[in-house]
1. To make sure I understand, if each residue's beta carbon is the centre and we count other beta carbons within 10 Å, what order do A:583, B:140, A:306 fall in, fewest to most?
2. Could you give the Stokes-Einstein D for region A:452-627 in µm² per second, using the C-alpha Kirkwood radius, 10 °C, 1.306 mPa s?
3. Once Rh for region A:499-598 is found with the Kirkwood sum over Cα pairs, what is the Stokes-Einstein diffusion coefficient at 25 °C and 0.890 mPa s, in µm²/s?
4. Would you tell me the mean number of C-beta atoms belonging to other protein chains that fall within 10 Å of each C-beta in B:186-197, as a whole number?
5. At residue A:218 and residue B:59, where each label point lies 7 Å from the Cα along Cα→Cβ, what is the point-to-point distance in nanometres?
6. Using only the alpha-carbon atoms, how far is helix A:279-288 inclined from the longest principal axis of chain A? Give it as 0 to 90 degrees, nearest 10.
7. Just to be sure I understand the curve: with the Debye formula and one point per C-alpha of the protein assembly as shown, what is log10 I(q)/I(0) at q = 0.04, 0.11 Å⁻¹?
8. Between helix A:342-356 and chain A, what is the angle of the helix's C-alpha long axis to the longest principal axis, kept within 0 to 90° and rounded to the nearest 10?
């Protein structure tokens, strides 16, 4: 099919030459990024989505998305657009930045197939899908599901498996896309960045990465997105990233996502090919992938109850996602979890560093949506679904969502979220990318809580007073940083979390510690460090009593009569062993609030099944701060 | 999908679609429906060449005589079924056909819009129509001190803290620690709103300048605030907002072209709607 569509692509090439001129002329009247000063240290958190698909994505179009990058950008910066199913859509609050990450593989090809003459569709299987797409929205979703299944099983018709043939079309779709992104990038106000998704798979196992550029079209336009078809490990992607940097002088990083549906492949103790990991491979991975997307619509990958039985808050958003791989071509076995959940990966990174000298899994954390509707919706009361087939409707919550099968996953198991909080020194591509590279970023499952986290050797409670942020930077390191402490000192942390100004109060702030002992054994512990109403909620057997619950599911409402708007403290690790490598990250829990199915039930007057999660404690995860013994070989940056 | 893609995709529809689109254009211009009485299916040299060329492009080789015969036979079969279906009126109650025809019409309108480029006068008109949309935001310079969640106790604390601040205490020494700045220098309203909520920004607009006042309620609790400067929204100048206006113009133009084409078509019809009683 791809080859048959080349003609379309080539015509686009001819037309797009004039597009460049228009863009350069249009650059006038928009502040250049160079005019936006960077502050000495980050002063406010920027909110954005680093994972968003438009009609240019091969699956999004098949699922019915007809909104292109321009609609996606207008929506993210706060404008009203009409969704593909005809619903007016608007964010309650604009985002500060967005990266559209359409699948590199077959970029624009479903759209091209759909618009192609039927007479040119020769393959009977492709022809069947073509006809289903034209039949109506439900059949189109089913056709796309079958295409994805066929891909996972390696049974796609030959014409789908020819990366060379789709390269031309990708080139042109990509260049038109970059022009659009340039037109909407407004440094200082709304940053539109360039990127794509490298949809690496082993069978139906998810090894996807988003590739995020620091640069504009002058550099990014020199290369095309890389097609992962026929690849099984990320090595080719890293080669590609190296080549981009060498050729253009630009910068690029990659963000893995949905480790939860990789069936044990995302964070292995071996290298990507299953061979013994070398120090060089470990360094290469850490250099190219400084951040992981820990939470999104297709579940949350922070911690699983199987791995963290003592953490009563583990397992958020794992319903349905922990039964198999992405495509449900293979069921999950318990031994796979350790290579799938982020907390365990951070621990494994310490052990590997102890052994190899380099930590492959030294990453920061972000959340993003992975929405395929062009609409970055992360709020429970305004959720537009994973893809166009489950935009708001009476049936979406209870409908089966397993692509191509009737087993396993249901609509309500999608999460409305998440977003990336970025401590950048300015709202520009360069400043946001630099914050990602130094891991000064955090994840939320949707709410916009502000979270500060500093690690140092000697912070005392009085350091959380006055101009304490300046103190944090002057005498410590922010989230994502590396900590060493002198002899006799203990790691201490300033942590401060503020509720979403339009959202729920906070239940508690926790510090999650992971460490490796001298024998190489891995450990973790979750410390409640500050919580609301501490005088009444006394710790018993190391546990803080539950915050309570004000949710009225029938009314999809809650009240801020419990919890606190702000929680802060200075915490010193009481169990510190200076000889052991460790990491510390913050988890902030909100009080319980209704989930999107509860809002749907009220809005559409539907009955939800007994399994449906109708309330949850949404949360933020900071990037870790790592402690390395002074005697240890320093880790690679 | 960009306008350019749509235009390109349309241009590469097969002859059968091309003819149909041509007929539709003709109908649009002349107000007459295409003649369905034509009983001859002509596969001329140009059509055969095009079938062969498409094959070559797809499979990187010319079709064999047998394959070419197959392409032609398929083309004739499509034509025969298609025309017969139209004669029988099968298109009329088929939602897919109806929607697809509508999409083709939209592609035509959009391709016209794509060719255009705005003049400064047109852009200025857009600004004049909605100056607030393009005006720079109001900017605020202020200091804030956080007191706590809204409660009678916090309001008492706020009164005491206000006295301290008015007596010359530094805001750093009075505020509860929160992860937002104590000092804001020329921040736009939207930035302040993202940290403290819309109601706080609304309050900022009315506070006296140069003195501590409050408590002011935000999305996170009670604050004492000293506004030092407010920069009102300036009248937008084209040179400052050209990109934003041009983006809107481009989006509007596609919509306008679509509306205009629709209105032209609609002029040829009487629309009668009978609501069920």
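A short reminder: the numbers here are calculations on the coordinates, not readings from a lab. Everything quoted here is computed from the prediction, not taken from an experiment. Don't worry about glycine lacking a Cβ; one is built from the backbone with ideal geometry, like all the others, and counts go over all protein chains shown.
1. In order of increasing Cβ crowding within 10 Å: A:306, B:140, A:583.
2. Rounded to a whole number, D works out at 89 µm²/s.
3. The calculation lands on 158 µm²/s.
4. Partner Cβ neighbours, averaged per residue: 4.
5. Here the modelled spin labels are 4.9 nm apart.
6. 70
7. Here the Debye-derived log intensity ratios amount to -0.20, -1.40.
8. The helix A:342-356 is inclined about 80 degrees to chain A.
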